[in-house]
Amino acid sequence: MTMLTTRPADENLAASLDQARLLGWLRDMMLIREFEVRTMQAYQNRKIGGFCHVYIGQEAVAVGCTAAVTPVDPIVTAYRDHGHALARGTPARYLMAEMFGRIGGCAKGKGGSMHFFDRDREFYGGHGIVGAQTPLGAGLAFATKYEDEVLNRGRSRRVTLCFLGDGALNQGAFHEALNLAGLFDLPVLFCVENNGYSMGTAISRGTTMGHDITKKAIGYGIDATTVDGMDVLKVYDAMKRMADHCRENSRPAFVDIRTYRFKGHSMSDPRKYRTREEEERYESDDPIGRLETFLRDERGVEAEAIRDVMQGVREEVREAIEWAEASPEPPIEELHHDVYVEPHGPYTGTSLPEMLRESKRP
C-alpha cells in the first residue's frame, strides 16, 4: 500500500538541511551509542538491576523519527526505550540515574530501564508489556486531536509517534489500536522497529507476511511504507513526509523500519539463534558510520570535527554516571507516591504505618 503524500517522492529533504543540524544528529546517535556501551558495563558491574535492553544498532531510527516531528508531538514506545528518550532530549544524567535506581532519575528510580518517562518533553514511556503501548499511542492521538480540533486550542494538529517492535505485530491490542486509529482518523504513526527478531525468533517464523509487514495495515485502511532504518537521512525523509501527511489529513500511518540490533534482545541473551557472520554483515553497515561518511564526503566535514563530537559525548556520559552514582536511593516513603492521582491514593492524610495497621485489622 503506497503512502499518498504532498511532496515529490524523489525530493531529498535531509540532504538540504544545514550542516549544524546534521552534526546534531550525529551527536545524538553517538550519545545513544556511548550511553548504551556504558550501560552494558554498569549492568555487568551490577550497578543496574532488572531487565535491560540496549539500543545499539538502531540509533538512526530514534534520531531520524524524532527529528521529523515537533517537540510537542507525543512519543510512546516499548521497553527498548533508552534511545528514544535521549533523542527527544531528556538529559543523560536523569536517564542514567533511573538505570541506577536513584531518586534523581526521570521516574525517581522506580521505573528502571524499561520505564523511562518525561512528561515535560511529551515522552510517555517506556512500557514493559509487549504491544501494550499501541493502544496508548492511539489514545494519545485521540486526546491531541480532541484538544486541537474540538476544543479549538488554536494550535496546529499534533501527530503521535508510537514505536513498537516486530514482535508486537501478533498482539491483539495492536490490532485493536490499528482498527480504532483507522476508524476514528487518528493522527498516529505506528513505527515498527523491525530488527528481524522477536526476542530469539526470526520474523519469518513467527509472523504471517513477515516479508512484507505493511500488509498488516491494509485491512484497517491505513497507508503504509517501508524505510531503510540503517540510514538516518532516509529515515528522516520518509518520516517527515508521513508525519506531514498525517498532520494535514488527520490520518494514521504504518511504517516498517528495517533495522538491526547489534546486541542481544536483552543483557541476558546469549544470541545463539543467529550467526556471527550475520551480525558482522550488519555491523559493517553501522548507521553512525553511514552518517559520518556522508558528512565527510558530501559536506566536507573534517575527521577532527567528528572526533570532537565523540569526545564531547563521552564526557557527557561520564558525567551522567558520576551524577547518577551521587544521587541518593529513593526513601521508603516513595513506595506509596505516584501510584494514585492523590498524594497517598484514596488514603489521603493517612501515613504509611497507619495504612499498614489498618490493613491488619480483622
Quickly estimate the mean residue ellipticity at 222 nm for the chain, helices only: each DSSP H run with n ≥ 4 gives -39500 (n - 2.57), and the total goes over all residues, rounded to 500. -13500 deg cm²/dmol
Built amide H within the under 5 Å cut-off of VAL227, gap 5+: ASP256, ILE257, ARG258
Let me know the volume per residue of the alpha-carbon convex hull for segment 77-145, in Å³. 77
Spin-label pair LYS110/GLU283, simplified geometry with 7 Å Cα→Cβ offset, distance in nm: 4.0
Under a 10 Å cutoff between Cα atoms, tell me which one of ALA78, ALA217, ALA42 has the largest fluctuation in the Gaussian network model of the chain. ALA42
Suppose R0 equals 25 Å. What FRET efficiency, 1/(1 + (r/R0)^6) with r the Cβ-Cβ distance, do TYR340 and GLU319 give to the nearest 0.05? 0.10
Report the antiparallel proportion of the DSSP beta bridges in the chain as a percent, rounded to a multiple of 5. 10
Contact order relative to length of segment 9-330, as percent, for alpha carbon pairs under 8 angstrom and 6 or more apart: 24
Among (i) 32, 27, 21; (ii) 31, 23, 20; (iii) 44, 22, 18, find the value of semi-axes √(5λ) of the Cα gyration tensor in Å that was calculated from the structure presented, and write down its label. (i)
GNM on the chain, Cα springs under 10 Å; top mean-square fluctuation among ALA14, ALA62, ALA305 goes to ALA305
By Kyte-Doolittle mean hydropathy of at least -0.5 and Cα axial length of at least 24 Å, which whole DSSP H helices of the chain are selected? 19-44, 303-326
Most mobile listed residue (ILE321, ILE129, ILE56) in the chain, GNM with C-alpha springs under 10 Å: ILE129
Treat every Asp and Glu Cβ in the chain as -1 and every Lys and Arg Cβ as +1, leave all other atoms uncharged, and give the resulting dipole magnitude about the Cα centre to the nearest 20 debye. 780
Surface share of carbon and sulfur [accessible, 1.4 angstrom probe, percent] for segment 9-330: 49
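Using DSSP, restrict attention to beta bridges with both residues in segment 168-293 and report what percent are antiparallel, rounded to the nearest 5. Walk me through the intermediate numbers first.
On the way: 2 of 14 bridges.
Restricted to segment 168-293, the bridges split so that about 15 percent are antiparallel.
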Any idea what the alpha-carbon Rg over 2.2 N^0.38 Å comes to for segment 281-340? 1.93
Mind jotting down the distance between the C-alpha centroids of segment 284-344 and segment 169-238, whole Å? 28
Hey, could you grab the Kirkwood Rh for segment 46-205? Inverse mean 1/r over distinct alpha carbon pairs, Å, one decimal. 16.1
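The values are calculated or read from the model by the stated rules, or taken from the named source; none is laboratory data. These figures come from a predicted structure and were not determined experimentally. Ideal geometry is used to build each Cβ from the backbone, glycine not excepted, and the neighbour counts take in all protein chains shown. The protein model used for the area step is the full one, side chains on, heavy atoms only, and it has no ligands, DNA or RNA in it. Shrake-Rupley method; radii C 1.70, N 1.55, O 1.52, S 1.80 Å.
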